[in-house]
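Novice: Handing you a structure now.
No lab work stands behind these numbers, since they all come straight from the coordinates. If you're wondering where the values come from, they're calculated on a predicted model, not measured in any experiment. FYI the Cβ positions are ideal-geometry reconstructions off the backbone, even for glycines, and counts take in every protein chain you see.
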Amino acid sequence: MPYVPPSFPAKVPASVKSGETETTAILVVGAGPIGLATALDLGLRGHRVVVVDRGTQLSDGSRAICYAKRPLEIMDRLGFGEAMVEKGVSWNIGRVFFKDDPEPVYSFDLLPEKDQKFPGMINIQQYYNEEFNIAALEKLDNVDIRWGNEVTGITDGPDGVEVQVETPEGGYRLAAKWLVACDGAHSPTRKMLGMEFLGQTFRDNFLIADVKFKAERPTERHFWFDPPFNPGQSVLLHKQPDDVWRIDFQVGWDIDREEIVKPENVTPRIKAMLGDDIEFEYEWISVYTFNCRQVKNMVHGHVVFAGDSAHLVSPFGARGANTGFQDADNLAWKLDLVLRGKAGEGLIRSYDEERTLAAEINILNSTRSTDFITPKSRASMVFRDATLELAKDQPCVRGFVNSGRLSMPVPYPQSCLNTPDEDAWAGGVTPGTNSIDAPIVVDGEPGWFINQLGWQFKAVIFTGQAGLDPQVRASLKALSDETIPVEVLLVGTGEDEDFPVLNDDTGLLAARLGAEEGSTYLFRPDQYVTARWKQLDAGKIRRARDLATANLGES
């Protein structure tokens, strides 16, 4: 049987009858994956969060199914990353086919550096993601999810926002210090504020068919250009949990959107691809059009946009939900410091700076993928087909094959929060880049480096077998007692009376960070590097932390 999303009763708060204006620290508009993750992150940090959604049920189809390694690391910090992997279908390999050739013209590996906690990608239906997130939220008494509550008006003032919310039994007013708009591609919040949504819509459509059948097929991403079962167009195949397979058929621009999704019209396509003898049932059928658009500013007074309300990309590359989770991860620690009075509101400007850059890069890559998949001229079509013909035997050509450059975290090399390198580094992770993972040993137990980061600033110091100078030790201990604490992790051998020690017995962590004895990395709470030095200096750690949390002026 097709999945039936759970429904929730509409919530009618007491303020509907009392007429009193409620207050909360954070109001999240939209209870999709990004809104829920934002609420969970801020709720786990101890803030009162109200989530409102005009709907009363979870997603009614698989929707966003591909989750990359970086968002999985974010979900892991929030408490449900391992559940996602356990339920999902893990994969690293993608293959591209052309016409009727059974051999791929190009293959790629999303995780060339092995020995990391999470795979390059998993496939899992969006509703499972939402269920895992809600289960974690239900453990918190400081987060209130209000289904059947629709924001119909917004007033943004100097100290926060006030909104009008309608329920089935009447309306009420709610004041929040910050509003995070996660209300999707057609964001009513964006429209109420008169925000422009800039970009383009591509003149092509894709038919999604989620089909349930059992088959011995590899758990890989398979993409066909101009196959015999969809001539002149493209097809994408993914495996999901529960023996469900996602098939995307390119169907062109001039279609009847109501007719094309009828099962009797989809079935011939499925059988042409999988064979006349295939037995299957439908889970979900839909059709979508490419959009590549973004708001000019992701921060508008005390309203912050995240996910699809802020930016849209084509589905090829799995950049939508994956980008949205990274929006939430970037925003939450900054809002936390501002709400606690440890940083000025200007810090939120860095969210706009960093995530606008990420949106621009994702849209650029998404547009390039779309242009390759759906050529707009005869010359473009000739170039694409020649590229595919040559790629099988000419490795130098394979870099031009573009069936959707898959989601990768965007670095912020010029971020105002970075401390530039003082020394020449051979490799490693540069400031403004998310951390790489590696196996480590903590207290005699095997673990992962990525799990030692997050929630606070972390200084990771490679001590080797050398001990810490008493004066340096005292300076490092003082860092943990400051207004914005920095926790210290030592990478070395044995034990230390003051700080946790990570044993890098494989040497992979040092190699991946380009570190040697004395090397020091400072990580932000979102696991991005904000500074690094060849030699340990507690004063430099403090100054870099201060720069990464500085009041950048009133937003």
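Novice: With Kirkwood's inverse mean 1/r over C-alpha pairs for Rh, give me the Rg to Rh ratio of the range 342-381, two decimals please.
Specialist: Over the Cα atoms of the range 342-381, Rg/Rh equals 1.38.
Novice: What is the fewest-to-most order of Phe305, Phe325, Phe229 by other Cβ atoms lying within 10 Å of their Cβ?
Specialist: Fewest-to-most ranking of Phe305, Phe325, Phe229: Phe229, Phe325, Phe305.
Novice: For the range 266-393, max minus min Cα coordinate along each principal axis, in Å, sorted largest first?
Specialist: Largest first, the range 266-393 extends 64, 40, 26 Å along its Cα principal axes.
Novice: Whole-Hz Karplus ³J(HN,Hα) for the range 293-301, in order, using 6.51 cos²θ - 1.76 cosθ + 1.60 and θ = phi - 60°, x for Gly and Pro?
Specialist: 9, 7, 6, 5, 10, 7, 10, 10, x
Novice: Amide H neighbours of Tyr106 under 5 Å, counting only residues 5+ apart in sequence or on other chains, H built in-plane at 1.01 Å?
Specialist: Val96
Novice: Shifting gears a bit: Calculate, in nm to one decimal, what Asp505 and Thr21 gain on full extension: separation in residues at 0.36 nm each, minus their alpha carbon distance. Please report the intermediate quantities before stating the final value.
Specialist: Details: separation 484, 0.36 × 484 = 174.24 nm, distance 5.74 nm.
Result: 168.5 nm gained on full extension.
Novice: Report, to one decimal in Å, the Kirkwood hydrodynamic radius for the chain based on all distinct Cα pairs.
Specialist: Details: mean 1/r = 0.0399 Å⁻¹.
Taking the inverse mean of 1/r over all distinct Cα pairs, the chain comes out at 25.1 Å.
Novice: Then there's this: Along the range 375-385, what does the Karplus equation 6.51 cos²θ - 1.76 cosθ + 1.60 (θ = phi - 60°) give for ³J(HN,Hα), rounded to whole Hz, x for Gly and Pro?
Specialist: x, 9, 8, 4, 5, 5, 5, 4, 4, 4, 5
Novice: How much of the calculated P(r) for the range 439-548 lies past 21 Å, in percent of all Cα pairs?
Specialist: Percentage above 21 Å: 28.
Novice: So if I take the centroid of the Cα atoms in the range 130-158 and the same for the range 282-343, what is the distance between those two points in Å?
Specialist: Rounded to whole Å, the Cα centres lie 16 Å apart.
Novice: Could you list Leu406, Leu111, Leu335 so that the one with the fewest beta carbons within 10 Å of its beta carbon is first and the one with the most is last?
Specialist: Ranked by crowding around the Cβ, least crowded first: Leu111, Leu406, Leu335.
Novice: At what distance in nm do the modelled label points of Glu264 and Gln57 sit from each other, each positioned 7 Å from its Cα along Cα→Cβ?
Specialist: Once both label points are built, they end up 2.5 nm from each other.
Novice: Under the 0.36 nm per residue contour assumption, what length would be gained going from the current alpha-carbon distance of Asp393 and Arg368 to full extension?
Specialist: Additional length available on full extension: 6.7 nm.
Novice: Give a quick list of GluC sites (Glu not before Pro) in the range 5-88 that DSSP marks as loop, anything other than H, G, I, E or B, with at most 12 other Cβ atoms within 10 Å.
Specialist: In loop regions of the range 5-88 (DSSP not H, G, I, E or B), the sparsely surrounded GluC sites (Glu not before Pro) are Glu20.
Novice: Taking θ as phi - 60°, what are the ³J(HN,Hα) couplings along the range 527-532 by the Karplus curve (6.51, -1.76, 1.60), each to the nearest whole Hz, with x for Gly and Pro?
Specialist: Here the 3J(HN,Hα) series is 6, 8, 6, 10, 6, 7 Hz.
Novice: Select from Ala306, Val472, Ala321 the residue farthest towards the positive end of the dipole of the chain; place +1 on Cβ of Lys and Arg, -1 on Cβ of Asp and Glu, and compute about the Cα centre.
Specialist: Ala306
Novice: Oh, and also: Taking the beta-carbon count within 10 Å as an exposure proxy, list Tyr288, Tyr67, Tyr172 from fewest neighbours to most. Before the final figure, lay out each step's value.
Specialist: Numbers: Tyr288 15, Tyr67 28, Tyr172 22.
Listed from fewest to most nearby Cβ atoms, that is Tyr288, Tyr172, Tyr67.
Novice: Just grab the label-to-label distance for Asn451 and Leu111, each label 7 Å out from Cα along the Cβ direction, in nm (one decimal).
Specialist: So the two model labels end up 1.5 nm from each other.
Novice: Here's a follow-up. Provide the FRET efficiency to the nearest 0.05 for the Asp276-Glu103 pair, computing r from the beta carbons and using R0 = 30 Å.
Specialist: 0.80
Novice: In nanometres, what is the gap between the two model label sites at Arg340 and Glu196, each 7 Å from Cα along Cα-to-Cβ?
Specialist: 3.8 nm
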